[in-house]
Amino acid sequence: MKSRAKALLMALCLLLTSILPTFMEAVTVKADEALTLRLHYHREDGDYDGWDAWLWEEGKDGGAYDFEEEDGEMVATKELTPGTTSVGFIIRTKDWAKDVDEDQFIDISEMVSGAVDIYVESGVEGYTKEYGEDAVVGTKVKKARYDGEGSVEVTMTGEIEGDTDSAFSVKGLEGTVAIDSVEAEKDNTYQVKLAEPLEDAKSYTITFEGNEYKIIMPNIYSTDAFEEKYTYTGDDLGATWTKEKTTFRVWAPTADAVKVNLYESGTPDTDDLVEQITMEQDVNGTWVASKEGDLNGVYYTYLVTVNGAENEACDPYARTTGVNGKRAMVIDLSSTNPEGWDEDTDPHAGNNITDDVIYELHIRDLAMDENSGIKNAGKFLGLTETGTTTPNGTPTGIDHIKDLGITHIHLLPVYDYASVDETALDKPQFNWGYDPENYNVPEGSYSTDPYHGEVRVKEMKQMVKSLHDNDLSVIMDVVYNHVYNAGTFNFNLIVPDYFSRVDENGTYSNGSGCGNDTASERSMVRKYIVDSVCYWADEYHIDGFRFDLVGLLDTDTINEIVEEVHKDHPNVIFYGEGWELDTTTTKDCTLATQKNSEETPDFAYFSDTIRDLLKGHVFDTSTIGYVSGETGDEEEVEKCFMGASDWCKSPTQTINYISCHDNMTLIDRITRSTTGTSREDRVKMNNLAAAIYLTAEGTPLMQAGEEFLRTKKNASGGFEENSYASSDSVNSLKWATLEEEEYQNVYQYYKGLIAFRKDHPVLRLTDAKDVAAHVTPVEGLDANVTAFATTGGVNGETADNMYVIFNPNQEETKVTLPDGTWSVYINGEKAGTESLGEVSGEATVDPISALVLIKSGDGTVKVSSTGKKGFGKVLAGVGAAVAGGAVAGIVIAKKRKKK
């Protein structure tokens, strides 16, 4: 009997062994059943070409989902994370034309598993929801958050039926955590009391009815205790190369183990691991390993064990990478320097920022047009070519930019970004590049070989050297405010979610509109950004930095960047977009916005004030601006001209512009908002806008091609408002248009404006007191007309008196001039440094035009004492200058006419 029983028992064990995995798999599948969203989209015209659905789980990054035909309907399908309660959606084209302007959200809080069908009608807000046959609805966890003291607050989508004490289980890496009790509170919230506290730096989950949900842990990264213990101040993060050995150091304070993977190639997913080196824990949360020998050209990654998972990540401090930026490369940077690099300098190092004229340019836009004459089209090397022309001999590329009079080229992102596939450069691809992948690595698609990490470094340095040799300084567009994908960003893979702001609900803050915001207020994020900017200035000789959405970064970080860079490079300029955005910081700090500009005195900000004032509101393209007929804006024009917008206390802090890569080009925007207006008048409006911002106090910036009426038209003939991923045919500069009289005339006008600005330091003052003393608005003009009188004796200005007049009206205006003879240097058709004629007594200003006159000599001036509201102090300052004999013969007598 005993032997028979033993045999039966063994048979039973074998049976259980065979069926248990299947049984467990079934249980696992049931507990983890898929949650699927199917979005059905209907258009009356039946034209779905180019349309897709941009979908995101609330608080997470989004992505494009193509429509596919199913049973005669167009359907986009997304598999959702179990527990998802809300899904955002935008129906859009690849260039972000939206079917409905607003972001919309689908409530699926009742869905436990299965499919849900969402029906959307083109042009109609909202949706219709239907459950699939396999849909399971019921109560589920909406949010679970640990309070740091032994209790998990769980918010449910509905009331729990039955015994709550056994409703939940909590699990960590080391197993199940015992629950003492569960207490029901109001609004379907339950307090799960634990038998022992959780570890703050670890990950935990809570399970309800077989579905597992992540517990939101307290924010410890921004605490004083964490920063005091783990802030590393050394300068050797990354791979430090010498011919004898390479030392790797990575900051990973929450990791349980870290290894260095050495690879033969930089191509991801290639099975060519050479060696794996175990790193040792060192000071302040860093890990260190060394490898003897010359590793120049060896690729590597870090393998980090954290929260029970192994994450392979590119080094955040990588100096270069292989294709698509997934594997870092050890590099001897000195071997990448072009000839003469040690003597290379900023050609405008002695300038004040207000002396600069900035030209915003995308690498591809310069050369991709068939008439550019540039051989290395779309590459760093394209900006090293000179002598390029159209087939008919019109200068293009760098020669054109030099002839225009530009001092600084502002390059749209040239660091390594994620939105172009470097393995498929034989296919048409375009992106502006505001999708950071590796902050300290040049973009591979702009090199002639993205597979070998040294090539992109060499060629970017060649570009910078060539631009400097051609008297052009280089500004780099940097995007530290967000990353392409926070969940897979290398820094966050190494230290989970440290780089990004996460709110109390465990979701990424999204003031950027790109899915995440950078937590610059944290000590090691701040160090990373400061180190990165210093690296570009040191290693690549970059002369300026334009910060994308800088209003998301804190002022302490910005000031530290400026201070550290200026220690070795006092010439470097800084400016950015200081918009106020809805972000959730992880500690108290002041953000670098326009209204806080006094907190960052050596950092300038884009003036959306002058932009919207001159052409109309950027987001309502039907509105007109000052140059296109809007009335009553004289006082705002005066403030902007004097570098004194309400938010701006110094002319060195305002970047004056009217078009850039974002939104519509200037001539497109004017055309959109001036229905029924002639082409001739639209060009006049364009030129008047240019005359205003190119003579205003502050620093002028223009979009490449604005100087020859750049337009961005798509295949259907409409204007592109957001061409971030549009084709080269939309974005490229159309060089052949310069062979037409209309375009060439506009180009010559811009060129003359720039030359005049450079010739007259009074238009480039750096101190608000000097502006108040030497620039004053003229009173007594026709409605909408604005004018300014300037005096010499400041900043090296040789013209004793200048008169600057802007007439946006459809009819001419007459302005009484002070005694004497005045030379015209700018009118509605021409501009420059040579006199266009002389006038005395009264000047006639043509419709929609500017008039700038200069008079030299001594004399006196009478200035109206009835200055407009807001300019009393300015006029008083000018009065003081008059008393000192600094102004010659300007008499202002007329009152402003009302219309």
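The values are calculated or read from the model by the stated rules, or taken from the named source; none is laboratory data. Quantities reported herein were computed from a predicted structural model and do not represent experimental measurements. Neighbour counts are summed over all protein chains in view; Cβ atoms, including those assigned to glycine, are modelled from backbone coordinates with ideal geometry. Heavy atoms of the whole protein, side chains included, go into the accessibility calculation; ligands, DNA and RNA do not. Shrake-Rupley method; radii C 1.70, N 1.55, O 1.52, S 1.80 Å.
Things to note:
- Relative contact order (percent, whole number), the range 717-819, Cα cutoff 8 Å, 6+ residue spacing: 17 percent
- Normalised by residue number, the volume inside the convex hull of the Cα atoms of the range 388-509 is 145 Å³ per residue.
- Extents of the range 536-646, largest first, come to 48, 33, 23 Å (Cα atoms, principal axes, whole angstrom).
- If R0 is taken as 41 Å, the Cβ-Cβ distance between SER334 and SER729 corresponds to a FRET efficiency of 0.50.
- Each principal axis of the Cα atoms in the range 325-459 has its own extent, and those three values, largest first, are 41, 36, 28 angstrom.
- Rounded to the nearest 10 degrees, the inclination of helix 2-31 to the longest alpha-carbon principal axis of the chain is 20 degrees.
- The range 405-509: GluC sites (Glu not before Pro) in DSSP coil with no more than 11 other Cβ atoms inside 10 Å: GLU504
- Segment VAL274-ASP662, extension gain: residue separation times 0.36 nm, minus the distance between their alpha carbons: 135.2 nm
- Stokes-Einstein D for the range 170-252, Kirkwood Rh over Cα pairs, 37 °C, 0.692 mPa s (µm²/s): 196 µm²/s
- Heavy-atom accessible area per residue - the range 619-725, 1.4 Å, Å²: 29 Å²
- Nearest 10 degrees, 0 to 90: helix 555-568 Cα axis against the chain principal axis: 70 degrees
- Kirkwood estimate for the range 726-864, i.e. one over the average of 1/r between Cα atoms, Å: 16.6 Å
- Computed helical MRE - 222 nm, the chain, DSSP H runs ≥ 4 contributing -39500 (n - 2.57), nearest 500: -6500 deg cm²/dmol
- LYS427 - accessible surface, heavy atoms, 1.4 Å probe, Å² rounded to 10: 130 Å²
- Prolate/oblate/rounded label for the range 110-153 (Cα gyration tensor, a/c 1.5): oblate
- Here, the range 543-588 is characterised by an Rg to Rh ratio of 1.03, where Rg is the alpha-carbon radius of gyration and Rh the Kirkwood radius.
- Alpha-carbon centroids, the range 389-415 and the range 422-485: separation in whole Å: 18 Å
- Dividing the mean sequence gap of close Cα pairs (under 8 Å, 6+ apart) by how many residues the chain holds gives a relative contact order of 8 percent.
- At a probe radius of 1.4 angstrom, the accessible area of the range 63-163 per residue rounds to 49 square angstrom.
- The translational diffusion coefficient of the range 505-585, from Stokes-Einstein at 25 °C and 0.890 mPa s with a Kirkwood hydrodynamic radius over alpha carbon pairs, comes to 183 µm²/s.
- Over the range 161-315, Cα pairs under 8 Å with separation of 6+ residues give a relative contact order of 18 percent.
- Square roots of 5 times each gyration tensor eigenvalue, C-alpha, the range 107-189, largest first, Å: 33, 14, 13
- Stokes-Einstein D for the range 247-384, Kirkwood Rh over Cα pairs, 4 °C, 1.567 mPa s (µm²/s): 70 µm²/s
- Simple spin-label estimate for THR423 and GLU199 in nanometres, 7 Å along Cα-Cβ: 3.7 nm
- Taking amide hydrogens as placed 1.01 Å from N in the peptide plane, the amide H of ILE406 sits under 5 Å from that of no residue at least 5 positions away in sequence or on another chain.
- For the range 113-211, GluC sites (Glu not before Pro) meeting the loop criterion (DSSP other than H, G, I, E, B) and having at most 15 other Cβ atoms within 10 Å: GLU125, GLU133, GLU149, GLU159, GLU161, GLU174, GLU185, GLU199, GLU209.
- Protein heavy-atom accessible surface, 1.4 Å probe, per residue over the range 775-861: 36 Å².
- FRET efficiency for the pair ASN470 and TRP341, taken as 1/(1 + (r/R0)^6) with r the Cβ-Cβ distance and R0 = 22 Å, rounds to 0.90.
- The simple spin-label model puts a point 7 Å past each Cα toward its Cβ; for GLU125 and HIS42 those points are separated by 2.1 nm.
- Shown for the chain: the carbon plus sulfur share of the solvent-accessible area, taken with all protein chains present and a 1.4 angstrom probe, equals 46%.
- Per-residue 3J(HN,Hα) values for the range 205-210, derived from phi via the Karplus relation 6.51 cos²θ - 1.76 cosθ + 1.60 with θ = phi - 60°, read 10, 10, 10, 9, 6, x Hz in sequence order (x marks Gly and Pro).
- 0 to 90° range, to nearest 10: angle between helix 741-759 axis and the chain longest Cα axis: 80 degrees
- Here the range 629-735 has an Rg and Dmax of 15.2, 45 Å, counting Cα atoms alone.
- Computed from the Cα positions only, the extents of the range 381-449 along the three principal axes stand at 38, 28, 18 Å, in decreasing order.
- Hull volume in cubic angstrom per residue (convex hull over the Cα atoms of the chain): 212 Å³
- Annotation for the range 639-721: trypsin sites (Lys or Arg not before Pro) lying in DSSP loop with at most 15 further Cβ atoms inside 10 Å of their Cβ are LYS649.
- Given R0 = 25 Å, the distance between the Cβ atoms of THR231 and GLU149 translates into a calculated FRET efficiency of 0.45.
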